[in-house]
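Step one of this worksheet: look at the structure below.
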Amino acid sequence: MSAVEHRYEVTDRRERYAGRIFSVVTDEVTMPGGGTAARDYVRHVGAVAVVALDDAGQVVLIRQYRHPVGRHLWELPAGLMDVSGEDLAAAAARELAEEADLTAGAIDVLVDLHSSPGFSNEVVRVFLARDLADVPAGQRHERSEEEADLQVVRVDLDEAVRMVLAGEITNASAVAGLLAAARVRDVGWSALRRPDAPLPR
């Protein structure tokens, strides 16, 4: 299906705030029918998340405090793309090791999402990790700040889906990743993409 679409062009950009993880900018953007309009948004480094599925059909969930919402959330092992030049799959493996003390023998792309396109350009790639093994005790990451009180649990994938539908899991990448994992499991893993598949543009 194709349609003639207006080409939105940025004629001016003003940076309002610059931080380590994100910046806030105002773009002046051309509009259909002439003229421009100001659009404020967050430019984000991007992130990865991991649905880690073990041989018993259980997924790894972590419970972590998130200050913007003021409470602990059930989430997937996840993290920022804040290491320069790091491969996305390598970043996912790093986060899985740091947050869940696990390695994966197989990792595939499960789903990509724009987490909140109304005000941010953040893209999150969610991977499926299988063939899990423990990181040796002496090589485990020392967690600090909010990660110091992480709870790590394993639940059956169908129970995790129930938690999503009951509103007990609300983190966007966890919702998308768990529902996608259940779907690809049900179709025999045929919908998975290679770990180096290009990101959506």
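The values are calculated or read from the model by the stated rules, or taken from the named source; none is laboratory data. Source: prediction; values computed, not measured. Heads up: the accessible areas ignore ligands, DNA and RNA and are worked out on the full protein's heavy atoms, side chains in. Shrake-Rupley method; radii C 1.70, N 1.55, O 1.52, S 1.80 Å.
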* Asked: Can you give the accessible area per residue of the chain, in Å², using a 1.4 Å probe?
  -> 57 Å²
* Structure fact -> Whole-Hz Karplus couplings 3J(HN,Hα) for the range 169-182, θ = phi - 60° and coefficients 6.51, -1.76, 1.60, Gly and Pro as x, run 10, 10, 4, 4, 5, 5, 4, 5, x, 5, 5, 5, 4, 5
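Would you calculate, for the chain, the mean residue ellipticity at 222 nm contributed by helices, counting each DSSP H stretch of 4 or more residues as -39,500 (n - 2.57) and dividing by all residues, to the nearest 500?
Working: 3 runs with 37 residues, N = 201.
Mean residue ellipticity at 222 nm (helix-derived): -6000 deg cm²/dmol.
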* Structure fact -> With a 1.4 angstrom probe the carbon and sulfur portion of accessible area for the chain, in percent, totals 50 percent
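Please state the shape class of the range 56-132: rounded when a/c is under 1.5, otherwise prolate if a/b exceeds b/c and oblate if not, all from the C-alpha gyration tensor. Can you show the working numbers first?
Working: a/c = 1.69, a/b = 1.23, b/c = 1.37.
Judged from the Cα gyration tensor, the range 56-132 comes out oblate (a/c at least 1.5, b/c at or above a/b).
For a test of the definition: using alpha carbon positions, the gyration tensor, and the 1.5 limit on a/c, classify the range 74-193 as rounded, prolate or oblate.
Values: a/c = 1.31, a/b = 1.20, b/c = 1.09.
The shape class here is rounded.
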* Structure fact -> Most fluctuating of G57, G85, G167 in the GNM of the chain (C-alpha, under 10 Å) is G85
* Taking the Cα atoms only, what angle lies between the long axis of helix 88-100 and the longest principal axis of the chain, rounded to 10 degrees? -> 50 degrees
* To do: May I have the pair-distance distribution P(r) for the chain, computed from all Cα-Cα distances with 5 Å bins from 0 and rounded to whole percent?
  => 1, 7, 13, 18, 18, 14, 11, 8, 6, 3, 1, 0, 0
